[in-house]
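Visitor: Starting off with a structure, shown below.
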Amino acid sequence: MGRNCLIGQSGGPTVVINSSLLGLIRGAESSAAIDKIYGAEYGIEGVLNDRIVDLTLEEQAELELFKYTPASILGSCRYKLANLEEEVGDYQKIFATFAKYKIGYFFYIGGNDSMDTVMKLNKYAQQIGYEINIIGIPKTIDNDLVGTDHCPGYGSAAKYIATSVMEIARDGIVYDREIVQIIEVMGRDTGWLAAASILAKKDSVASPDLIFLPEIPFNKLDFLREVKEKLAERKKINIVVAEGLKDSQGRYLVDSGVDYHDEFGHRKMGGVAYLLGEWVKGSLCNRVKSIEINIMQRAAFHAVAGNDLEEAFRVGFEAVKFALAGETGKMVAIKRISNHPYQIDYEVIAVEKVANKTKKIPLEWIDQELKTVNPEFYDYISPLVQGEVEMPSKRGLPSFAKLYIKN
């Protein structure tokens, strides 16, 4: 069995994904069982193409900045491995790279599609008798990974969304006239991010009047009626919608206008706020603003949550412990022990229980009549956005780590 470890990052980035990377590095450094620590540029594609960097050569001061740098320092990908029964060429290339660099531990940071990669690689390793421990580290702002209480990256995205709703709402009250503001956030199949806007309710100005989630089928007539009723109560209303709203037949309200899907079959999203705004404009209100919060949900490190940052580090650090203890084909998961006080622990779950599955908001946490979420959701999310972080800076701007990827 090789004594070196290899780390890759995959899927959409978050503001804390590099904290998990640093956690893995620090965990590996602390073990006498691991010699070299390598990184794969652009995820599994980097393994396929032998684009491997030696992280042990990096300066310690630069490594520390990893924790405070958003996006994927090693680069990312959305590459779907074929099923073993269909094609083994990629697997042979990947394991040739593992052998070349004497890799005995492979850590892959990503979401449910990335866990598909972890599952397939572990299965192939067992099939050919290759001794390696393969562990998945959870990452996604969508918070849709099965088996973990929440995902690193979600808390910070939730904090950014709630803060943005508070700011947008205050901008909307400066004029003495009616206004409807429709704020679109990410969430193709789940409403975890849209529901996070409920945190803004502490500010009476910004409290979302209506929240629409993909978990509940969308009805246009009901939507227009509810907007009309809210406008009768107050002149300025704020509506938060997930990009992946679907009708009663399970069809997305909008798509990109082209039949585009990524390698994992996910349709490109965006534009639902504009569509709903067009329905409201004129008939119900003359002043309508459609606002799409785009990549800032996953790139705004200035809104990072301290708890999120530390938990992202810990899932990486704990992953090394689990691998050294012999675990393989597993994902590190966060287990919540209590809300008051907030306490968690770390465990592993078989990756087969995670890959290609989606965790949705429990229906009992959704108030379908009032178009909001219940106190149970508020209790769930509140600890995840807590904690302040002092960011390294220079001349008033953040000090981010350099990238290995050279464009």
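The values are calculated or read from the model by the stated rules, or taken from the named source; none is laboratory data. Note that the structure is a prediction, hence the values are computed from the model and not measured. In this analysis, Cβ positions are derived from the backbone assuming ideal geometry, glycine residues included, and neighbour counts consider all displayed protein chains. Accessible surface areas use protein heavy atoms only, side chains included; no ligands, DNA or RNA. Shrake-Rupley method; radii C 1.70, N 1.55, O 1.52, S 1.80 Å.
Visitor: In the stretch 305-407, what percent of the accessible surface is made up of carbon and sulfur (1.4 Å probe, ligands and nucleic acids excluded)? List each step's numbers first, then the result.
Guide: Details: 2940 of 5750 Å².
Of the solvent-accessible surface of the stretch 305-407, carbon and sulfur hold 51 percent.
Visitor: Sticking with this structure for a sec: State log₁₀ I(q)/I(0) for the stretch 65-128 at q = 0.25, 0.29 Å⁻¹ as given by the Debye formula over alpha-carbon point scatterers of equal weight, solvent excluded.
Guide: -1.24, -1.42
Visitor: Relative contact order of the chain, please, whole-number percent, based on alpha carbon pairs below 8 angstrom and at least 6 residues apart. It would help to have the intermediate numbers written out before the result.
Guide: Details: 907 pairs, mean separation 96.1, N = 407.
It rounds to 24 percent for the chain.
Visitor: Could you run the Debye sum over the Cα atoms of the stretch 27-184, one equal point scatterer each and no solvent, and tell me log10 of I(q)/I(0) at q = 0.16 Å⁻¹, two decimals?
Guide: -1.01
Visitor: Going by Cα centres, the stretch 345-407 and the stretch 1-80 are how many Å apart?
Guide: Between the Cα centres of the stretch 345-407 and the stretch 1-80 lies a distance of 21 Å.
Visitor: Only loop residues by DSSP count here, and only those with at most 13 other Cβ atoms within 10 Å; note down the GluC sites (Glu not before Pro) in the stretch 282-388 that meet that.
Guide: Values: sites: GLU292, GLU310, GLU311, GLU318, GLU327, GLU347, GLU352, GLU364, GLU369, GLU376, GLU388; in loops: GLU327, GLU369, GLU388.
Counting only loop positions with at most 13 other Cβ atoms within 10 Å, the GluC sites (Glu not before Pro) in the stretch 282-388 are GLU369, GLU388.
Visitor: Binning at 20 Å from 0, report for the chain what percent of all alpha-carbon pair distances ends up in each bin.
Guide: 28, 53, 18, 1
Visitor: Residue by residue through the stretch 382-394, which ³J(HN,Hα) values in whole Hz follow from phi under the Karplus form 6.51 cos²θ - 1.76 cosθ + 1.60 (θ = phi - 60°), with glycine and proline marked x?
Guide: 3, x, 6, 9, 7, x, 9, 10, 8, 7, x, 8, 9
Visitor: Taking amide H atoms as placed 1.01 Å from N in the peptide plane, list the residues 5 or more away in sequence, or in a different chain, whose amide H sits under 5 Å from that of VAL348.
Guide: Residues meeting the amide H criterion: ALA333.
Visitor: Now a separate question. Out of residues 5 or more away from ILE109 or on other chains, whose amide H comes under 5 Å of its own, with H placed 1.01 Å from N in the peptide plane?
Guide: Under 5 Å from the amide H of ILE109 lie the amide H atoms of GLY8, GLN9, SER10, ILE137, each far enough along the sequence or on another chain.
Visitor: Check each of the GluC sites (Glu not before Pro) in the stretch 42-142 and keep only those in coil by DSSP with at most 14 other C-beta atoms within 10 angstrom; list them in order.
Guide: Numbers: sites: GLU45, GLU58, GLU59, GLU62, GLU64, GLU85, GLU86, GLU87, GLU131; in loops: GLU58, GLU59, GLU85, GLU86, GLU87, GLU131.
When the GluC sites (Glu not before Pro) of the stretch 42-142 are filtered for loop state and at most 14 Cβ neighbours within 10 Å, GLU59, GLU85, GLU86, GLU87, GLU131 remain.
Visitor: For the chain, with every protein chain kept in place, what is the accessible area per residue (1.4 Å probe, Å²)?
Guide: Spelled out: the 1.4 Å probe surface of the chain, per residue, equals 43 Å².
Visitor: Okay, moving on. Wrap a convex hull around the Cα atoms of the stretch 242-386, take a quarter of its surface area, and give that in square nanometres. Working shown, then result.
Guide: Working: hull surface 50.9 nm².
The Cα convex hull of the stretch 242-386, projected and averaged over all directions, gives 12.7 nm².
Visitor: How large, in percent, is the carbon and sulfur part of the accessible surface of the stretch 53-193 at a probe radius of 1.4 Å?
Guide: Working: 2400 of 4950 Å².
Summing carbon and sulfur atoms, their accessible area is 48 percent of the total for the stretch 53-193.
Visitor: Another question, then. Taking chymotrypsin sites (Phe, Trp or Tyr not before Pro) as candidate sites, keep only those in a DSSP loop with at most 12 other Cβ atoms within 10 Å, then name the longest stretch of the chain containing none of them. It would help to have the intermediate numbers written out before the result.
Guide: Values: sites that count: TYR175, TYR260.
Between the exposed loop sites, the longest stretch runs 1-174.
Visitor: Need one number: the % of Cα-Cα pairs in the stretch 1-103 sitting beyond the 19 Å mark.
Guide: Values: 2372 of 5253 pairs.
Here the long-distance tail beyond 19 Å is 45 percent of all Cα pairs in the stretch 1-103.
Visitor: Okay, moving on. Using the C-alpha gyration tensor of the stretch 149-303, what are the square roots of 5 times its eigenvalues, in whole angstrom, with the largest one first? Show your work: numbers first, answer last.
Guide: Numbers: eigenvalues 116, 82, 34 Å².
Result for the stretch 149-303: semi-axes of 24, 20, 13 Å.
Visitor: Kirkwood Rh, the stretch 191-258, all Cα pairs: how many Å?
Guide: Working: mean 1/r = 0.0768 Å⁻¹.
Answer for the stretch 191-258: a Kirkwood hydrodynamic radius of 13.0 Å.
Visitor: Same structure, new question: If I build a Gaussian network model for the chain, linking alpha-carbon pairs within less than 10 angstrom, which residue out of ILE366, ILE109, ILE168 has the largest mean-square fluctuation?
Guide: Most flexible of the set in this elastic network: ILE168.
Visitor: Report the one residue of TRP192, PHE317, ASN122 whose Cα lies farthest in the direction of the positive end of the charge dipole of the chain (charges on C-beta: Lys and Arg +1, Asp and Glu -1; origin at the Cα centre).
Guide: Going by the charge dipole, the pick is TRP192.
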